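Below is one structure, written out as C-alpha coordinates, with a few remarks after it.
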Amino acid sequence: MAENNFSRGIEMQNFFLRLKNRLEEAGSITASFELRQIFAQLSGDPFYEIRLENEFSEEQLRAAEDMVDRRIAGEPLQYILGEWEFMGLPFFVGKGVLIPRPETELLCEKGLDFLEKRPAGSRRTLDLCCGTGCLGICAAKYIPGTVAVCADKFDVPLEYTGRNAERNGVKVEILRADALLAPPEGIGKFDLIMTNPPYVTDRDMDTLQKEVRYEPEEALRGGEDGLDFYRSILAKWSGLLVPGGALMAEVGAGEAGAVAELFSENGFSAPEVTEDYCGIPRIVSGVKE
(Lines give C-alpha, C1' and ligand atoms only; values in the text may rest on other atoms or scores of the structure.)
Protein backbone atom coordinates (compact mmCIF):
# COMPACT_ATOMS: atom_id res chain seq x y z
CA MET A 1 0.00 0.00 0.00
CA ALA A 2 2.82 2.35 0.96
CA GLU A 3 4.59 1.52 -2.32
CA ASN A 4 1.45 2.36 -4.29
CA ASN A 5 1.18 5.68 -2.44
CA PHE A 6 4.81 6.41 -3.19
CA SER A 7 4.35 5.61 -6.89
CA ARG A 8 1.25 7.79 -7.01
CA GLY A 9 3.17 10.60 -5.32
CA ILE A 10 5.93 10.37 -7.92
CA GLU A 11 3.33 10.44 -10.70
CA MET A 12 1.81 13.59 -9.21
CA GLN A 13 5.19 15.25 -8.92
CA ASN A 14 5.94 14.46 -12.55
CA PHE A 15 2.51 15.70 -13.59
CA PHE A 16 3.07 18.95 -11.70
CA LEU A 17 6.54 19.40 -13.23
CA ARG A 18 5.23 18.77 -16.74
CA LEU A 19 2.56 21.45 -16.34
CA LYS A 20 5.09 23.81 -14.77
CA ASN A 21 7.44 23.35 -17.74
CA ARG A 22 4.59 24.09 -20.16
CA LEU A 23 3.77 27.32 -18.35
CA GLU A 24 7.42 28.39 -18.23
CA GLU A 25 7.87 27.63 -21.93
CA ALA A 26 4.85 29.87 -22.58
CA GLY A 27 6.61 32.70 -20.74
CA SER A 28 5.26 32.46 -17.19
CA ILE A 29 7.69 33.62 -14.51
CA THR A 30 5.32 32.56 -11.71
CA ALA A 31 4.52 29.05 -12.94
CA SER A 32 4.92 27.33 -9.56
CA PHE A 33 2.68 29.87 -7.83
CA GLU A 34 0.01 29.61 -10.53
CA LEU A 35 0.01 25.80 -10.41
CA ARG A 36 -0.28 25.78 -6.63
CA GLN A 37 -3.30 28.06 -6.94
CA ILE A 38 -4.86 25.70 -9.48
CA PHE A 39 -4.20 22.58 -7.41
CA ALA A 40 -5.33 24.32 -4.24
CA GLN A 41 -8.69 24.96 -5.84
CA LEU A 42 -8.99 21.42 -7.20
CA SER A 43 -8.02 19.90 -3.85
CA GLY A 44 -10.05 22.28 -1.70
CA ASP A 45 -6.88 22.86 0.35
CA PRO A 46 -5.81 26.53 0.34
CA PHE A 47 -2.36 25.49 1.61
CA TYR A 48 -1.85 22.81 -1.03
CA GLU A 49 1.57 21.20 -1.33
CA ILE A 50 2.68 18.24 -3.44
CA ARG A 51 2.58 15.28 -1.05
CA LEU A 52 2.75 11.52 -1.46
CA GLU A 53 -0.75 11.13 -0.03
CA ASN A 54 -2.33 13.48 -2.57
CA GLU A 55 -5.21 11.85 -4.37
CA PHE A 56 -6.70 13.36 -7.52
CA SER A 57 -9.28 11.81 -9.78
CA GLU A 58 -8.76 11.57 -13.52
CA GLU A 59 -11.43 14.26 -13.88
CA GLN A 60 -9.48 16.60 -11.61
CA LEU A 61 -6.27 15.96 -13.54
CA ARG A 62 -8.03 16.75 -16.82
CA ALA A 63 -9.39 19.91 -15.22
CA ALA A 64 -5.86 20.92 -14.27
CA GLU A 65 -4.70 20.36 -17.85
CA ASP A 66 -7.59 22.47 -19.14
CA MET A 67 -6.81 25.30 -16.72
CA VAL A 68 -3.18 25.31 -17.80
CA ASP A 69 -4.25 25.37 -21.46
CA ARG A 70 -6.41 28.42 -20.73
CA ARG A 71 -3.57 30.12 -18.90
CA ILE A 72 -1.15 29.49 -21.78
CA ALA A 73 -3.72 31.04 -24.11
CA GLY A 74 -3.44 34.21 -22.02
CA GLU A 75 -6.55 34.04 -19.83
CA PRO A 76 -5.89 35.62 -16.40
CA LEU A 77 -5.37 33.14 -13.58
CA GLN A 78 -8.04 34.94 -11.56
CA TYR A 79 -10.67 34.27 -14.24
CA ILE A 80 -9.62 30.64 -14.47
CA LEU A 81 -9.98 30.19 -10.72
CA GLY A 82 -13.17 32.23 -10.65
CA GLU A 83 -12.18 34.00 -7.46
CA TRP A 84 -9.41 36.08 -5.93
CA GLU A 85 -8.51 37.49 -2.54
CA PHE A 86 -8.66 41.21 -1.83
CA MET A 87 -7.88 42.70 1.59
CA GLY A 88 -8.10 39.22 3.08
CA LEU A 89 -11.60 38.57 1.70
CA PRO A 90 -12.65 36.21 -1.13
CA PHE A 91 -14.18 37.78 -4.23
CA PHE A 92 -15.78 36.13 -7.21
CA VAL A 93 -14.23 37.35 -10.48
CA GLY A 94 -14.79 36.46 -14.10
CA LYS A 95 -15.25 37.69 -17.62
CA GLY A 96 -16.81 41.14 -17.71
CA VAL A 97 -15.40 42.42 -14.42
CA LEU A 98 -12.08 44.04 -13.54
CA ILE A 99 -9.71 41.93 -11.43
CA PRO A 100 -8.89 43.53 -8.04
CA ARG A 101 -5.20 44.37 -7.76
CA PRO A 102 -2.72 45.20 -4.97
CA GLU A 103 -2.70 48.86 -6.00
CA THR A 104 -6.40 49.02 -5.27
CA GLU A 105 -5.78 47.54 -1.83
CA LEU A 106 -3.73 50.66 -1.11
CA LEU A 107 -6.72 52.80 -2.08
CA CYS A 108 -8.95 50.66 0.12
CA GLU A 109 -6.59 50.94 3.10
CA LYS A 110 -6.60 54.72 2.85
CA GLY A 111 -10.38 54.74 2.66
CA LEU A 112 -10.73 52.46 5.69
CA ASP A 113 -8.31 54.63 7.69
CA PHE A 114 -10.41 57.70 6.85
CA LEU A 115 -13.70 56.01 7.77
CA GLU A 116 -12.33 54.69 11.04
CA LYS A 117 -11.64 58.26 12.17
CA ARG A 118 -15.13 59.46 11.28
CA PRO A 119 -17.97 59.47 13.81
CA ALA A 120 -20.01 56.26 13.69
CA GLY A 121 -22.92 58.12 12.11
CA SER A 122 -20.75 59.64 9.35
CA ARG A 123 -19.54 56.68 7.38
CA ARG A 124 -21.69 56.67 4.26
CA THR A 125 -19.45 55.49 1.42
CA LEU A 126 -19.73 55.34 -2.38
CA ASP A 127 -17.75 52.81 -4.40
CA LEU A 128 -18.00 54.40 -7.86
CA CYS A 129 -17.19 52.23 -10.91
CA CYS A 130 -17.41 49.37 -8.42
CA GLY A 131 -16.55 46.33 -10.56
CA THR A 132 -16.49 43.44 -8.07
CA GLY A 133 -17.66 45.79 -5.33
CA CYS A 134 -14.41 45.20 -3.44
CA LEU A 135 -14.01 48.74 -2.09
CA GLY A 136 -17.53 49.16 -0.79
CA ILE A 137 -17.74 45.60 0.52
CA CYS A 138 -14.48 45.93 2.46
CA ALA A 139 -15.67 49.22 3.96
CA ALA A 140 -18.92 47.57 5.08
CA LYS A 141 -17.07 44.50 6.37
CA TYR A 142 -14.24 46.15 8.26
CA ILE A 143 -15.61 49.48 9.52
CA PRO A 144 -18.66 49.17 11.78
CA GLY A 145 -21.51 51.50 10.95
CA THR A 146 -20.49 51.98 7.32
CA VAL A 147 -23.32 52.31 4.83
CA ALA A 148 -21.88 51.36 1.45
CA VAL A 149 -23.32 52.14 -1.97
CA CYS A 150 -21.73 50.35 -4.95
CA ALA A 151 -22.39 51.95 -8.32
CA ASP A 152 -21.58 50.78 -11.83
CA LYS A 153 -23.00 51.26 -15.32
CA PHE A 154 -23.00 47.63 -16.41
CA ASP A 155 -24.98 44.51 -15.48
CA VAL A 156 -22.07 42.10 -14.96
CA PRO A 157 -20.24 44.17 -12.31
CA LEU A 158 -23.48 44.79 -10.45
CA GLU A 159 -24.22 41.05 -10.46
CA TYR A 160 -20.73 40.27 -9.14
CA THR A 161 -21.09 42.93 -6.47
CA GLY A 162 -24.30 41.34 -5.23
CA ARG A 163 -22.74 37.88 -5.12
CA ASN A 164 -19.60 39.16 -3.39
CA ALA A 165 -21.56 41.08 -0.77
CA GLU A 166 -23.53 37.93 0.03
CA ARG A 167 -20.39 35.82 0.12
CA ASN A 168 -18.75 38.15 2.61
CA GLY A 169 -21.83 38.54 4.77
CA VAL A 170 -22.46 42.24 4.29
CA LYS A 171 -25.25 44.36 2.89
CA VAL A 172 -24.53 47.05 0.33
CA GLU A 173 -26.81 49.18 -1.78
CA ILE A 174 -26.33 48.38 -5.46
CA LEU A 175 -26.90 51.28 -7.83
CA ARG A 176 -26.80 51.52 -11.61
CA ALA A 177 -25.06 54.75 -12.50
CA ASP A 178 -22.69 56.09 -15.16
CA ALA A 179 -19.73 58.02 -13.76
CA LEU A 180 -19.57 60.04 -16.98
CA LEU A 181 -23.06 61.40 -16.34
CA ALA A 182 -24.61 63.31 -13.46
CA PRO A 183 -25.52 61.26 -10.37
CA PRO A 184 -29.06 59.89 -10.15
CA GLU A 185 -31.46 62.13 -8.26
CA GLY A 186 -31.92 61.33 -4.60
CA ILE A 187 -28.66 59.46 -4.22
CA GLY A 188 -27.85 61.46 -1.09
CA LYS A 189 -24.61 62.68 0.43
CA PHE A 190 -21.44 60.74 1.22
CA ASP A 191 -18.59 60.95 3.69
CA LEU A 192 -16.26 59.10 1.34
CA ILE A 193 -16.16 58.38 -2.37
CA MET A 194 -13.63 55.76 -3.49
CA THR A 195 -13.15 55.06 -7.16
CA ASN A 196 -10.91 53.00 -9.42
CA PRO A 197 -12.25 54.25 -12.76
CA PRO A 198 -11.04 53.39 -16.27
CA TYR A 199 -7.76 55.25 -16.83
CA VAL A 200 -5.90 53.60 -19.72
CA THR A 201 -5.27 56.03 -22.57
CA ASP A 202 -6.58 55.25 -26.04
CA ARG A 203 -2.99 54.87 -27.23
CA ASP A 204 -2.00 52.48 -24.43
CA MET A 205 -5.06 50.28 -25.00
CA ASP A 206 -3.25 48.88 -28.06
CA THR A 207 -0.19 47.86 -26.03
CA LEU A 208 -1.83 46.10 -23.09
CA GLN A 209 -0.55 42.70 -22.00
CA LYS A 210 -2.38 39.67 -23.37
CA GLU A 211 -3.88 38.88 -19.95
CA VAL A 212 -5.24 42.41 -19.46
CA ARG A 213 -7.00 42.29 -22.82
CA TYR A 214 -9.28 39.61 -21.39
CA GLU A 215 -10.68 42.19 -18.98
CA PRO A 216 -13.58 44.40 -20.10
CA GLU A 217 -12.49 47.33 -22.25
CA GLU A 218 -15.12 49.55 -20.63
CA ALA A 219 -13.36 49.07 -17.27
CA LEU A 220 -10.00 50.10 -18.75
CA ARG A 221 -10.38 52.78 -21.43
CA GLY A 222 -10.22 56.26 -19.98
CA GLY A 223 -10.22 58.33 -23.16
CA GLU A 224 -7.53 59.99 -25.22
CA ASP A 225 -5.46 61.07 -22.23
CA GLY A 226 -6.92 58.60 -19.70
CA LEU A 227 -8.56 61.36 -17.66
CA ASP A 228 -12.16 61.38 -18.90
CA PHE A 229 -13.57 59.77 -15.77
CA TYR A 230 -11.64 61.97 -13.34
CA ARG A 231 -12.94 65.11 -15.05
CA SER A 232 -16.50 63.86 -14.82
CA ILE A 233 -16.27 62.54 -11.26
CA LEU A 234 -14.75 65.75 -9.96
CA ALA A 235 -17.16 68.01 -11.85
CA LYS A 236 -20.36 66.00 -11.35
CA TRP A 237 -19.93 63.67 -8.37
CA SER A 238 -17.66 65.39 -5.84
CA GLY A 239 -20.55 67.68 -4.92
CA LEU A 240 -22.12 64.67 -3.20
CA LEU A 241 -19.51 64.89 -0.43
CA VAL A 242 -20.43 66.33 2.94
CA PRO A 243 -18.12 69.03 4.34
CA GLY A 244 -15.01 67.22 5.52
CA GLY A 245 -15.75 64.29 3.24
CA ALA A 246 -13.05 62.75 1.06
CA LEU A 247 -12.63 61.67 -2.54
CA MET A 248 -9.98 59.02 -3.19
CA ALA A 249 -9.08 57.78 -6.67
CA GLU A 250 -6.66 55.27 -8.13
CA VAL A 251 -4.82 56.64 -11.16
CA GLY A 252 -2.67 55.26 -13.95
CA ALA A 253 1.11 55.54 -14.03
CA GLY A 254 2.09 59.08 -14.96
CA GLU A 255 -1.39 60.52 -14.34
CA ALA A 256 -1.17 61.57 -10.69
CA GLY A 257 0.01 65.12 -11.37
CA ALA A 258 -2.75 65.85 -13.86
CA VAL A 259 -5.41 64.30 -11.63
CA ALA A 260 -4.17 66.23 -8.58
CA GLU A 261 -4.50 69.41 -10.63
CA LEU A 262 -8.09 68.46 -11.46
CA PHE A 263 -8.72 68.01 -7.73
CA SER A 264 -7.40 71.51 -7.07
CA GLU A 265 -9.48 73.00 -9.87
CA ASN A 266 -12.60 71.46 -8.36
CA GLY A 267 -12.29 72.82 -4.84
CA PHE A 268 -9.94 70.36 -3.12
CA SER A 269 -7.10 72.23 -1.48
CA ALA A 270 -3.75 70.46 -1.19
CA PRO A 271 -4.70 67.08 -2.72
CA GLU A 272 -2.51 64.24 -1.50
CA VAL A 273 -0.66 61.82 -3.78
CA THR A 274 0.31 58.39 -2.44
CA GLU A 275 2.81 56.05 -4.08
CA ASP A 276 2.11 52.37 -4.56
CA TYR A 277 4.39 49.52 -3.48
CA CYS A 278 6.58 50.07 -6.55
CA GLY A 279 7.05 53.78 -5.88
CA ILE A 280 4.60 54.87 -8.59
CA PRO A 281 2.26 57.75 -7.64
CA ARG A 282 -1.01 55.81 -7.59
CA ILE A 283 -3.65 57.34 -5.29
CA VAL A 284 -4.90 60.92 -5.36
CA SER A 285 -7.09 62.01 -2.47
CA GLY A 286 -8.61 65.22 -1.21
CA VAL A 287 -10.89 66.46 1.54
CA LYS A 288 -13.82 68.75 0.87
CA GLU A 289 -13.67 71.97 2.91
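The residues of the chain expose on average 48 square angstrom of accessible surface per residue, using a 1.4 Å probe on protein heavy atoms. Helices in the chain, meaning DSSP H runs of at least 4 residues, each add -39500 (n - 2.57). Divided by all residues, the mean residue ellipticity at 222 nm is -12000 deg cm²/dmol. Along the axis of the charge dipole computed for the chain (Cβ charges of +1 for Lys and Arg, -1 for Asp and Glu, origin at the Cα centre), the listed residues 28, 12, 77 are led at the positive end by 77.
Charge dipole (Cα centre; +1 on Lys/Arg Cβ, -1 on Asp/Glu Cβ; no other charges) of the chain amounts to roughly 700 debye.
When a 1.4 Å probe is rolled over the protein heavy atoms, the share of accessible surface on the range 91-142 that falls to carbon and sulfur comes to 50 percent. Helices assigned as whole DSSP H runs in the chain whose Cα atoms extend at least 20 Å along their own long axis and whose mean Kyte-Doolittle hydropathy is -0.5 or higher are found at 102-116. Annotation: the range 188-276 has a Kirkwood hydrodynamic radius of 13.9 angstrom, from the mean reciprocal C-alpha pair distance.
Scanning the chain for cysteines with no neighbouring cysteine C-beta under 4.7 angstrom from their C-beta gives 108, 129, 134, 138, 278. Can you give the log10 of the normalised intensity I(q)/I(0) at q = 0.15, 0.23, 0.24 Å⁻¹, computed with Debye over equal Cα scatterers of the range 39-133? Normalising to I(0) and taking log10 leaves -0.76, -1.25, -1.31. Separation of the alpha carbons by more than 28 angstrom is noted, of 171/236; 117/236; 20/141; 95/189; 20/210, for 20/141; 95/189.
For the Cα trace of the chain, dividing Rg by the Kirkwood Rh returns an Rg/Rh value of 1.05.
The values are calculated or read from the model by the stated rules, or taken from the named source; none is laboratory data. All of these numbers come straight from a predicted model, not from anything done at the bench. Here Cβ is always computed from backbone atoms with ideal geometry, including for glycine, and neighbour counts include all displayed protein chains. Note: accessible area is taken over every heavy atom of the protein model, side chains too, but ligands, DNA and RNA are not part of it. Shrake-Rupley method; radii C 1.70, N 1.55, O 1.52, S 1.80 Å.
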